[in-house]
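The values are calculated or read from the model by the stated rules, or taken from the named source; none is laboratory data. All figures in this text were calculated on a predicted structure; none of them were measured in a lab. Cβ sites come from the backbone with ideal geometry, for glycine too, and all protein chains shown count toward neighbours.
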Amino acid sequence: MTDDTSITDDVVSPSVEATEMQPGDVSETGVKSSVPSVADGGTPVAGSSLSQEELDEMTANVVAALKTVYDPEIPADIYELGLIYRVDIADNRDVEIDMTLTAPGCPVAGEMPQWVDNAVRAVAGVGDVKVNLVFDPPWDMSRMSDEARLALNMF
């Protein structure tokens, strides 16, 4: 993607029309703004037309969506398992995700990227979604969060 800011495990979102919008207004794209854009006094972010507040809100929304996707063989969501390597959101709200699987031969290898696509596409304001399945670096248990370790009794 071009003209976007990439933050590993974080998300960057585009701004909404700022000159007439106030927090809570709805933009031309139908996205309700609950945080100020840069033009409305939001905190600027280097390399992005979006405010830090917009980025934080979109990050939280996309991560929440990713946490609804579970590996059917493991009782933990894919975000906490560390299967999400990278999330980029361009200023036009297109989202690109690099993810992996616990093993290349995972029985849901053909389905899980579509589950991720569907979950992220359901986030208000998200444009196009592209999910890339990657295996470098290979996943290992060190990528799991404490929450996932607790769910799997791995402490």
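For the range 92-101, name all the residues that are modelled with pLDDT under 90 and either within 14 Å of the chain's Cα centre (by Cα) or buried (at least 18 other Cβ atoms within 10 Å of the Cβ) (or both).
Within the range 92-101, 93, 94 meet the criteria.
Can you work out which of the residues in the range 44-82 that are over 18 Å from residue 121 (Cβ atoms) and aliphatic (A, V, I, L, M) is surrounded by the most Cβ atoms within 10 Å (Cβ to Cβ)?
Just the residues of the range 44-82 that are over 18 Å from residue 121 (Cβ atoms), to begin with: 44-56, 71-76, 80-82.
If we keep only those that are aliphatic (A, V, I, L, M) too, we end up with 45-46, 50, 55, 74, 76, 81.
Values: 45: 18, 46: 5, 50: 28, 55: 24, 74: 16, 76: 21, 81: 25.
Among them, the one singled out is 50.
Would you confirm, using the coordinates I've provided, whether residue 55 is in contact (Cβ under 8 Å) with a residue 12 or more places away in the chain and assigned to a loop (DSSP other than H, G, I, E, B)? Walk me through how you get there before you give the answer.
Details: in contact (Cβ under 8 Å) with a residue 12 or more places away in the chain: yes; assigned to a loop (DSSP other than H, G, I, E, B): no.
Criteria not met by residue 55.
Among (1) modelled with pLDDT of 95 or more; (2) within 16 Å of residue 61 (Cα to Cα); (3) not hydroxyl-bearing (Ser, Thr, Tyr), which single condition is residue 134 missing?
For residue 134, the failing item is (2).
On the basis of being under 18 Å from the mean Cα position of the chain (by Cα) and acidic (Asp, Glu), does residue 146 make the cut?
Numbers: under 18 Å from the mean Cα position of the chain (by Cα): no; acidic (Asp, Glu): yes.
No.
Taking the criterion of being in contact with a Gly (Cβ under 7 Å, 6 or more places away or on another chain), farther than 30 Å from residue 39 by Cα and surrounded by 15 or more Cβ atoms within 10 Å (Cβ to Cβ), would at least one residue in the range 118-140 satisfy it?
Within the range 118-140 (the criterion being in contact with a Gly (Cβ under 7 Å, 6 or more places away or on another chain), farther than 30 Å from residue 39 by Cα and surrounded by 15 or more Cβ atoms within 10 Å (Cβ to Cβ)), the answer is yes, since at least one residue qualifies.
Could you list, in sequence order, the residues of the range 111-129 that are within 11 Å of the chain's Cα centre (by Cα) and within 12 Å of residue 89 (Cβ to Cβ)? Step through it out loud before you land on a result.
Residues of the range 111-129 that are within 11 Å of the chain's Cα centre (by Cα), as a first pass: 116-117, 119-121, 123, 126, 129.
Within the range 111-129, 120, 123, 126, 129 qualify.
Can you pull out the residues in the range 128-155 that are assigned to a loop (DSSP other than H, G, I, E, B) and of a type in the set (A, V, I, L, M)? If you could, list the steps in order and put the result at the bottom.
From the range 128-155, those assigned to a loop (DSSP other than H, G, I, E, B) are 128, 134-140, 144-145, 152-155; that's our starting set.
Matches in the range 128-155: 134, 144, 152, 154.
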